[in-house]
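Written out below as structure tokens is the structure these notes cover.
Please treat every number below as a calculation from the coordinates, not as lab data. What you see is a predicted model; the values in this text were computed from it and never measured. Note: ideal-geometry Cβ built from the backbone for every residue, glycine included; neighbour counts use all protein chains shown.
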Amino acid sequence: MTTVNHVKNAYRRLLKVERRRFANDPQVLTAAQKQTRSEFENNRTQTDEKKIQKLLKHAANVEEVIRRYVVQAPRSKVQANTYNIKFTSEHALRDRHPIIIKSSLQKTKDGAEPKD
């Protein structure tokens, strides 16, 4: 596979994962796609093979972060100050990474603000 094909595939994979992750948030989806397009356009004339490989690795890392660590958490329509986190099988939960969610809205049992 040629370098051009590798670059096109990386671009398509990024756009695809952005569409999946940000499907319910058009503003974030548009911003992510603009950023991706801009980064690829800024490097369109790159000819140094080592630099291209480094950029492809960066694109793959960004794709993985979005795919595994970004979740959608829409506000609950039923309960105030509550968000419904939507995990998928792609998320890092299967790697047993702890997920710690801190919120300034949370209170301790005695009603005080949580300490960091």
The range 13-99: Rg/Rh from Cα coordinates, Kirkwood Rh?
1.08
Quick calc: nm separation of the 7 Å Cα→Cβ label points for Arg37 and Gln79 -> 4.0 nm
Packing-ranked peptide list from 74-81, 34-41, highest mean Cβ count within 10 angstrom first, is 34-41, 74-81
Provide Rg over Rh for the range 12-52; use the alpha carbon set for both Rg and the Kirkwood Rh (inverse mean inverse pair distance).
1.11
Students often check this: by mean Cβ neighbours within 10 Å, which of 1-11, 15-25 ranks highest, and how do the rest follow?
15-25, 1-11
Sites Gln46 and Lys16, calculated FRET efficiency, Cβ-Cβ separation with R0 25 Å, nearest 0.05:
0.65
Placed amide H near Gln72: partners under 5 Å, 5+ positions off or other chain:
Lys86
With a 31 Å threshold on alpha-carbon distance, the violating pairs from Lys16/Lys54; Lys51/Lys86; Lys16/Lys51; Lys34/Lys86 are Lys51/Lys86
